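In what follows, a structure is listed as structure tokens, so that the remarks can point back to it.
We did not get these values from a lab; they are worked out from the coordinates using the rules stated. Please read these numbers as outputs of a predicted model, since none were measured by experiment. No Cβ is skipped: glycine too gets one built from the backbone with ideal geometry, and neighbour counts run over all protein chains shown.
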Amino acid sequence: MQSIKLRSRVDADGILRLEVPVELANLELDLVVVYQPVELVTLDAQEQEDLPLIKLSLQDSMAFVESLLNPPSPSPKMRLAALEYKRSMGF
């Protein structure tokens with residue numbers, strides 16, 4: 001038996017939708033749900049004003065979106081880190 005921690009929201013229709021790691025695809029699972037309501041954190045106007053604002057040029061905005069839509073392949077070091085993480089999480 002393994003455990004993973006997920007955070008999800010129950011929609012207005014009362015249905016809880018879970019996104020689980022891809023490694024669990026096509027497996028039959030028994031789930032135990034322990035719930036704890038989470039207090040929604042909202043910032044007041046002053047706190048919002050205190051947040052730094054980042055303004056990007058059109059070129060920088062386009063580069064940012066391009067990197068999200070077409071990310072570079074992970075480096076060997078990143079692949080190794082991902083494998084170590086999966087191993088530590090029991091995947």
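Residue count for segment 11-39 under the criterion of being within 17 Å of the chain's Cα centre (by Cα) and over 18 Å from Y85 (Cβ atoms): the result is 4.
Of the residues S67, S61, the single one that is of a type in the set (G, A, S), surrounded by 10 or more Cβ atoms within 10 Å (Cβ to Cβ) and within 30 Å of K5 (Cα to Cα) is S67. Residues considered: S3, S8. Of these, the only one that is in a loop (DSSP other than H, G, I, E, B) and touching a strand residue (DSSP E or B) at 6+ places or on another chain (Cβ under 9 Å) is S8.
Pairs linking a residue in segment 77-91 that is under 15 Å from K5 (Cα atoms) to a residue that is assigned to a helix (DSSP H, G or I), with Cβ atoms under 6 Å and 6 or more positions apart or on different chains, are F91/E23.
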